[in-house]
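Q: Here it is, the structure, as structure tokens.
The values are calculated or read from the model by the stated rules, or taken from the named source; none is laboratory data. Remember, predicted model here, so these are calculated numbers, not experimental data. Note that we place each Cβ from the backbone using ideal geometry, even for glycine, and neighbour counts take in every protein chain shown.
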Amino acid sequence: MTVDQIPITRFSIITRITPKALRYYDQLGLLVPAAKDTLTGYRYYTADQMERGVRVKTLCSLGISLEEVASYLDAESKGDRCALQTLREKHLCRTRSEIARLQRIEAMLKQNDKELIKMALSEPVIKDVPALRVVSKRDKGSYGETIGRLIGELCEMLFRPVNQKNLVKMSGPVMAIYHDQEYKEKDADIEVAIPITGRIEVDEGMEVKDLPPARVLAVVHKGSYDTLHLTYKEIYEYMIKNGMEFAGPGRELYLSDPCKTAPEELLTEMQLPIKESQTKT
């Protein structure tokens, strides 16, 4: 494996495409890995392939069939605007009966990817995060549902009379910690943690602990949670360019309340623990 080659498990985390789906995309010729180990068949990708991977995932998330995705990407590569327009209109007609999805689809189809990336990112910075005393709960499930449920359970426990009497307070933003080595659709290993002060009584399955200090590569994403993958792509490319390696589970700190903030105005700080032992060549 060369420096610029990304193993399928790491590529899966960055693009949020399951390894199973990546292998299927390879079979269909939609996203063929840059290299395969001749003995093991293990797949390796490059940073340049992230954009195509995200394009495939995005188009599939809009309900477009894999056959149409192939046609769409082929038309894009040829600059065939007429074919692209025909495919868009056909898909929009099929989705008009799904009002909730239609709003999301229209917004995504009208966005320019480069403009969206520019809006979504602050400059990456390296910083040292101190140890944090948190109350947390860990569970498995789909990302959005599991994070929302765990946040609700932890907040309900924090604001119980017994804990308020003990002057328990949140001392920082709610965060999600991802413990998997690859992206998973339905069985992701997720921990939600809330920094706290005060003496707290917790339910079974929750724990109070100290998160260790860490050196992290951090960036603030502005926009919908559906566009977080764009920021992850930029962070990974920055890490490769600067000779960094992952050194632990990544965190997302939710700086805005999604119940009070428009999706395009949401702020999320993404922190990836790093080590800088590699020397750039």
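Q: Could you list, ordered by first residue, the pairs with Cβ atoms under 9 Å in which the first is in the range 253-265 and over 18 Å from residue 172 (Cα atoms) and the second is at pLDDT 85 or above and assigned to a helix (DSSP H, G or I), at least 6 apart or interchain?
A: Listed pairs, sorted by first residue: 263/225.
Q: Give me the pairs, please: first residue somewhere in the range 208-224 and under 18 Å from residue 236 (Cα atoms), second residue anywhere and assigned to a loop (DSSP other than H, G, I, E, B) and not acidic (Asp, Glu), beta-carbon distance under 6 Å, and either six or more positions apart or on two chains.
A: These pairs meet every condition: 217/124; 219/122; 219/124; 220/122.
Q: So, one more: When only residues in the range 261-281 that are surrounded by fewer than 18 Cβ atoms within 10 Å (Cβ to Cβ) and hydroxyl-bearing (Ser, Thr, Tyr) count, which is modelled with the highest pLDDT?
A: Among them, the one singled out is 261.
Q: Here's another thing I want to ask about it. Output the residues belonging to the range 47-76 that are more than 18 Å from the chain's Cα centre (by Cα), surrounded by 14 or more Cβ atoms within 10 Å (Cβ to Cβ) and not in a helix (DSSP H, G or I).
A: Across the range 47-76, the qualifying residue is only 64.
Q: Taking the conditions exactly as written (outside the structural domain of residue 15 (by TED's automatic domain parsing), hydrophobic (A, V, I, L, M, F, W, C) and part of a helix (DSSP H, G or I)), does residue 270 satisfy them or not?
A: Working: outside the structural domain of residue 15 (by TED's automatic domain parsing): yes; hydrophobic (A, V, I, L, M, F, W, C): yes; part of a helix (DSSP H, G or I): no.
For residue 270, the condition - outside the structural domain of residue 15 (by TED's automatic domain parsing), hydrophobic (A, V, I, L, M, F, W, C) and part of a helix (DSSP H, G or I) - is not met.
Q: Can you tell me which residue within the range 126-155, out of those that are among the aliphatic types (A, V, I, L, M) and closer than 18 Å to residue 212 by Cα, is surrounded by the fewest Cβ atoms within 10 Å (Cβ to Cβ)?
A: So the first thing to find is which residues in the range 126-155 are among the aliphatic types (A, V, I, L, M), and the list is 126, 129, 131-132, 134-135, 147, 150-151, 154.
Checking which are closer than 18 Å to residue 212 by Cα leaves us with 126, 129, 131-132, 134-135.
On the way: 126: 12, 129: 16, 131: 10, 132: 18, 134: 23, 135: 22.
My answer is 131.
Q: Within the range 29-45, can you find the residues that are under 25 Å from the mean Cα position of the chain (by Cα) and hydrophobic (A, V, I, L, M, F, W, C)? So that I can check it myself, show each step before the final result.
A: At the first step, the residues of the range 29-45 found to be under 25 Å from the mean Cα position of the chain (by Cα) are 29-35, 42-45.
Result: 30, 31, 32, 34, 35.
Q: Go through the range 156-197 residue by residue and tally those that are within 16 Å of the chain's Cα centre (by Cα), in a loop (DSSP other than H, G, I, E, B) and surrounded by fewer than 17 Cβ atoms within 10 Å (Cβ to Cβ).
A: 6
Q: Then there's this: For residues that are modelled with pLDDT of 85 or more, farther than 23 Å from residue 212 by Cβ and either in a strand (DSSP E or B) or among the β-branched types (Val, Ile, Thr) (or both), tally how many sit in the range 226-260.
A: Residues that pass the stated criteria total 2.
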